[in-house]
């Protein structure tokens, strides 16, 4: 854990990413959560003063063909089931966030710690690559 690293919860961070990605027109995977888990596994290893502390406490198991975090999986499901996001497509492949909510979520760090904002921008960039490579089954 980096001394002085910003405080932010897993939920706040996922909302921040979802909002920014939704605004950029990037599909948010729901049924196939592998891109989310790979993204957070990479972010956990990334050395940065702006990295939120919660990333250092996430636990990943390798029972699947990729590192999987149960806490992240539970939050993604809760996001959908609490109506913060919807998966109205026929196969629940992706989730979407309404425009107003996406805008509010994407601005969470705009007035806060500039190190955290830089880290979030980095995370969004990685997510775009990871989610763009998402298999279309």
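Where a number appears in this text, it was derived from the coordinates with a stated rule and is not lab data. What you are looking at is a predicted structure, and each value in this text was computed from that prediction instead of being measured. No Cβ is skipped: glycine too gets one built from the backbone with ideal geometry, and neighbour counts run over all protein chains shown.
Please work out, to two decimal places, the log10 of the ratio I(q)/I(0) at q = 0.12, 0.15, 0.19, 0.28 Å⁻¹ from a Debye calculation in which every Cα of segment 1-72 carries one identical scatterer.
-0.34, -0.53, -0.83, -1.37
Any chance you could tell me what percent of the C-alpha pair distances in segment 10-132 go past 21 Å?
34 percent
Taking the number of other C-beta atoms within 10 Å as the exposure measure, put 99, 122, 37 in order starting with the fewest.
Ordered from fewest to most neighbouring Cβ atoms within 10 Å, 99, 122, 37 come out as 99, 122, 37.
Please report the relative contact order for segment 10-132, taking Cα pairs under 8 Å with a sequence separation of at least 6, and give it as a percent rounded to a whole number.
In percent, rounded to a whole number, it is 45.
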